[in-house]
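Working notes, structure below.
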Amino acid sequence: MAAMRHLLRSNNNGYLYCFSTHQIRRIATADATLDHSTCGVKRQKKLKEVARRVCDVIRRRPTWESTLLSEFPQEDLLHPSCIAEIFRRQSGNALLTLRFYLWLSSHQGANRFSPEAILSALSKAKAWKASLHFLRSTKCRPQTSSLESFAARLCEEGNDLEESLETILELKRVLDFSPSLLLTWNTALSRSLRIGRTDLVWRFYEEMINCGIAGDATTIRCIAQAFCKEGKMSEALELLRDISKGGVMTPDAFTFNKLVSGFCRAKNYEKVSETLHLMIQIGCKPTIFTYQEVIYGLCRNGMAGEAYRVFNDIKYRGYVHNVFSYTMMIDGLCKMGQVEHARDVWQEMMRNGLVPNEYTYNVVVYGYCKMGDMDEAKKMYEEMLSRGCKESIVSCNTMIGGLCSNGRIDEAWEWFERMPDRGIDRDSNTYSIMIQGFCQGGRMKEALDLYYNLLEVGLQPRVAFYTRMIQAFCEEGNVSMATEILNDMVSRGLEPLVITHDYMISGHCRRGDACTAMGLLWKMLKGKMRPRCATFENLVESLSLADRAGDALRVLDAMYKAGYVLGTSLCHSLVGRLCSENHQHAGEHLEEVLGR
DNA sequence: TTAGGGTTAG
């Protein structure tokens, strides 16, 4: 009854409803497999009938635990076939299933359902909460080996690692059991890492140490990776140094590679070199992957020249580059404008019999687009296709962007239109690139049509997209369109960038609507946003042209408060204007403002 | 047990 009370209490917080129908079926199946006994068809039929009646009782009667055995013959009720049938029938009801489990476990002497079997069935069904609950409420202690495999399963398959950890802590507290298998702990560490929960890595690791488990190279790799993920590469390096010094174990190259990659990203090349030295010192030879991390890091940090030096240097030291290395190197060199070197690298790759892949072609196509050599870009694109590499959203966006930025808007549009025929879905970047192309070419009508089309097909434009659209319309002087787009953006829950308001103000000025522009400026200042200097200047000029000297001065005042200085030419024209006959007073006021 | 990456746009 204690178990029963516990159950009912638990029921209030929904604790037991962690069973799904599917899980219960699995439990039933698992238990059915426990039944190895054979008996006659007649006996089976009888057992099924008993099971049906038992189910009826336990479903209808609020309490049945204390009387069930007196109502049915024990040899029937506790027969594995009968029990399996009960589980099968009860599989849709989590609460009753567990209650029956608990009842069974209190009669375990009389049947074959040991706590080990029940725990195993529950964990196979991934009913972790119910397993823990079963252990708690029955206070039984399954054999250590059974708990061990339960913990292993929990760490390997538990869908909430934090909950797994809590369970492990509870097992320790309540049953004085801790997993002793290194595998279990390493699995938990790796999985924590994979889901990006370094906090769990530390907690599992601490518990593992508390349990007196010594880690191995895998453990160290997880710990080092966790440090790297948190940007604490130096700590990781010290850890690896200490471990290597003791000579107990040698961390693997994979671990070091993560470290090299982290230091490269942080542009800490001194530490990169320190790490490489440590590797060599302890006999963990850097692999091609290690150097690829270095080359990639250098390229990404705009040091393609240095990367090229490393790239060539390691070739002479016996390392063999693969397509990945070549692609990375070509990309780095292209982005630095070192096209000649990029060509050399490409040719070398071909000489070495390597086959460029989709990535390689994409970086080359992009390189030619950036150089403005669209014919060569197209040629490479064709070659890519003829070699059986697939075009993709990336290759299409690259080409469309290249054509647009080289003023070949119509060709870009052709590519854009042909994409569905090629079996490639356009994304919001594709639209963004094309619309930007139309904007740059002053083809606002087409830009706008495409924008509506984008909304129609249900794509979600990003902030950068809106910013560019609004900028283009403002520069066109089409402020009403810009306003409409801005409103649309806000209605989609996107926050405009500060500069968007600058564009709007200048757009109104361009149309000669200094009044609205000024209203927007005050709004910006009220919202603690800092307009750009050019925005103030545009507005001052616009107001002065509109003969609104007083307002111009007020804006000028705000401009000074924002820490800007009025440019000389604008200052002269303003003074000239204000000093004309009609504005004697304002002119004096301006001198006052400037004289402060 | 674990387990490698990269290209467009921003």
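No lab work stands behind these numbers, since they all come straight from the coordinates. It should be emphasised that the depicted structure is a prediction, and the values quoted were computed from it without experimental measurement. Methodologically, a virtual Cβ is constructed for each residue, glycine included, from the backbone with ideal geometry; neighbour enumeration extends over all protein chains shown.
In this rough spin-label picture, where each label sits 7 Å from Cα along the Cβ direction, the A:Leu182-A:Asp373 distance is 5.5 nm. Comparing Cα centroids, the range A:283-301 and the range A:161-197 end up 34 angstrom apart. For chain A, find the longest principal axis of its Cα atoms and tell me its angle to the long axis of helix A:161-175, 0 to 90°, nearest 10. Helix A:161-175 sits at roughly 30 degrees to that axis.
How much net charge surrounds A:Asn429 when only the other residues with a Cβ under 14 Å from the Cβ of A:Asn429 are counted, with Lys and Arg +1 and Asp and Glu -1? Don't skip to the end; give the middle numbers.
Values: positive: A:Arg426, A:Arg462, A:Arg468; negative: A:Asp425, A:Asp427.
So the surrounding residues net to +1.
Across chain A, the mean sequence separation of Cα contacts (distance under 8 Å, 6 or more residues apart), normalised by length, yields a relative contact order of 5 percent.
About its Cα centre, the dipole of the range A:154-193 is roughly 200 debye, where the only charges are +1 on Lys and Arg Cβ and -1 on Asp and Glu Cβ. Against chain A, whose longest principal axis is taken from its Cα atoms, helix A:323-335 shows a tilt of about 30°. In degrees between 0 and 90, to the nearest 10, how far off the longest principal axis of chain A does helix A:514-526 point, with axes built from Cα atoms? Result, in degrees: 40.
Separation of the range A:515-564 and the range A:448-472, taken as the distance between their Cα centroids, equals 29 angstrom.
Sorting A:Tyr366, A:Tyr359, A:Tyr560 from the fewest to the most surrounding beta carbons within 10 angstrom yields A:Tyr560, A:Tyr359, A:Tyr366. Put a plus charge on the Cβ of each Lys and Arg, a minus charge on the Cβ of each Asp and Glu, and nothing anywhere else: the dipole of chain A about its Cα centre is then about 3000 debye.
Considering the options A:Gly212, A:Leu135, A:Leu570, tell which one lies farthest towards the positive end of the dipole of chain A, charges being +1 on Lys and Arg and -1 on Asp and Glu at the Cβ, about the Cα centre. Value: A:Leu135. When you count the other C-beta atoms within 10 angstrom of each residue and take the mean per peptide, A:245-253, A:295-303, A:411-419 line up highest first as A:295-303, A:411-419, A:245-253. Toward the positive end of the charge dipole of chain A, with +1 on the Cβ of Lys and Arg and -1 on the Cβ of Asp and Glu, the farthest Cα among A:Pro356, A:Leu69, A:Ser105 is that of A:Leu69.
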